[in-house]
Structures are given as C-alpha cells and as structure tokens.
1. Springs between alpha-carbon pairs under 10 angstrom, Gaussian network model over the chain: which of 183, 49, 15 fluctuates most?
2. Give the accessible area for residue 73 in Å² (nearest 10); use a 1.4 Å probe, count only protein heavy atoms, and leave out ligands, DNA and RNA.
3. So which GluC sites (Glu not before Pro) in region 6-96 end up in coil per DSSP with only 16 or fewer other C-beta atoms within 10 Å?
4. Over the C-alpha atoms of the chain, what are the Rg and the largest Cα-to-Cα span, Dmax, in Å?
5. Quick one: net charge around residue 38, please, counting Lys, Arg +1 and Asp, Glu -1 for every other residue with C-beta under 15 Å from its C-beta.
6. Select from region 164-219 those trypsin sites (Lys or Arg not before Pro) which occupy a DSSP coil region and have at most 12 other Cβ atoms within 10 Å, ordered by residue number.
7. Which of rounded, prolate or oblate describes region 56-97 when judged by the alpha-carbon gyration tensor and an a/c cut-off of 1.5?
8. Percent of alpha carbon pairs in region 81-124 separated by more than 18 Å?
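The values are calculated or read from the model by the stated rules, or taken from the named source; none is laboratory data. Worth saying up front: this structure is predicted, and the values here are computed from it rather than measured. Cβ placement follows ideal geometry from the backbone for every residue including glycine, while neighbour counts extend to all protein chains displayed. What goes into the accessible areas is simple: the full protein's heavy atoms, side chains included, and nothing from ligands, DNA or RNA. Shrake-Rupley method; radii C 1.70, N 1.55, O 1.52, S 1.80 Å.
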Amino acid sequence: MDMTTHDVTLVVLDMAGTTVADDGLVELAFAAAARSQGVETGSPEHAAMLAHVRATMGESKISVFRHLFGEEDRAQGANLVFEAAYEGLVDQGRCEALPGAAEAIAELRGQGRKVALTTGFSRTTQDRILDALGWRDVADLTLCPADAGRGRPYPDLALTALLRTRTDSVRQVAVAGDTGYDMLTGVRAGAAVVAGVLTGAHDEARLRTDGATHVLASVAELPALLAALPAAR
C-alpha cells in the first residue's frame with residue numbers, strides 16, 4: 001500500500017522560532033560571538049555577517065561560523081562565545097514556549113504520533129532550553145546536529161528521527177519549522193508534509209520557495225492539519 005499524508009506517524013519539529021520563542025536571542029548571542037572575533041556591533045562587517053545569519057537561520061551554528069570566519073579556530077571560538085551568551089540569556093528567563101506549542105505537541109502525541117524536537121544548537125544549549133521550559137519529557141526524542149551527522153539543510157536530523165523512532169517510511173514523516181532550511185530538510189528527507197510556520201525567521205515566500213507543502217500561522221495549527229489530511233488509499 002502506498003503511504004499518503006494521512007499515515008504520518010512521526011512529526012519532526014524545530015525549536016527556536018517554531019515551538020520556542022526566539023525574541024532576538026540568536027542575534028544578541030551572535031553579536032557577542034562576532035565581538036569576540038573583532039567584529040564590532042554596528043560596523044559594516046557586522047551588518048553583512050548578520051544578514052548571513054538571518055538568511056541561514058536553522059542551520060547548524062558551527063557551520064554558520066565556519067562560513068563567516070573561515071579558520072576553524074576562529075569558528076570554534078565564536079561558537080563557544082555564542083553558546084555561552086545564548087545560555088546566559090536563557091538563564092536570565094529570556095526563553096519561553098510559543099503560544100500553543102506545548103499543547104500542540106501534546107495533541108500530536110495524543111493522536112498517536114511520535115514527536116521529535118530538533119535544533120541547530122549544540123546539545124548543551126538544547127538541554128538548557130529544554131530545562132528552562134520544563135520540556136525534558138515533552139517529546140519522544142530530541143536531536144541536535146551532533147546526534148545526526150549534519151544539521152539543516154541536510155536531511156540527517158529528520159532521517160535520524162525516523163531511524164530512532166523506528167518509523168517505517170519517510171512518507172510517514174511530517175517536518176515543521178520556521179526557516180527555509182527546515183523546509184529543505186523536509187524535502188530532502190522525503191517527508192510527506194513539510195509545514196512552514198510564520199512565527200520565526202522567514203516569510204511565506206521563502207518557505208514556499210524552499211519546498212513547504214503547507215504554511216501555517218503557527219505550530220498550534222499543525223495537529224488539525226494532520227488530522228484533516230486525506231485517508232490512505
């Protein structure tokens with residue numbers, strides 16, 4: 001029997017911008033990372049780098065720093081400062097779930113679907129966010145790029161979630177996120193549903209261009225979308 005979208009049994013959800021409010025934290029942490037490499041906030045060089053950060057939201061952060069700073073030592077140094085700055089902001093209480101996100105995850109699991117939370121952050125930063133939200137047990141699985149091999153826009157995160165949850169087919173997977181890189185991950189993984197949400201970095205045009213099958217106001221709309229998809233034929 002061919003799998004159709006009704007057979008979705010695994011939902012792969014992004015964190016920052018999709019289920020977790022970003023509220024400019026990535027850009028604040030990036031500013032600290034850039035300063036550590038001699039790039040001052042407000043300079044033309046910083047502006048150009050920030051434009052790249054915004055365009056590549058969702059990508060593994062160390063990959064972004066390798067592109068921006070070239071040398072591995074500088075990239076690793078910037079990444080360490082970024083993580084420390086971001087975690088400091090989380091510790092200050094600057095991290096909260098997007099409205100309806102926790103409820104949507106609970107509803108998806110209540111529908112009998114497994115949920116994986118994915119990120120472009122390191123495992124330590126991801127865990128800091130999960131702890132701040134009290135989300136250690138909110139999903140069936142949490143993954144960062146180091147767990148999968150490569151981060152977005154590669155398919156590794158979605159495919160690792162499929163393998164670890166013993167999902168039978170890529171056509172049983174839905175991927176949801178707020179960036180074009182999330183959409184590319186879903187498309188490249190062969191997901192049946194690639195849903196963009198408008199609560200984060202990229203607009204509908206970017207999400208559609210990179211392969212969104214659906215665009216939603218927020219992740220809160222995802223359970224109803226999956227429940228309403230056509231039955232298997």
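1. The residue with the greatest mean-square fluctuation here is 49.
2. Rounded to the nearest 10, that gives 130 Å².
3. Taking region 6-96 and a limit of 16 other Cβ atoms within 10 Å, the loop GluC sites (Glu not before Pro) found are 40, 71, 96.
4. According to the Cα coordinates of the chain, Rg and Dmax are 17.2, 59 Å.
5. Around residue 38, the charge tally is -2.
6. 166
7. Since a/c reaches 1.5 but b/c is at least a/b, the shape of region 56-97 is classed as oblate.
8. Every Cα pair in region 81-124 considered, those over 18 Å come to 47 percent.
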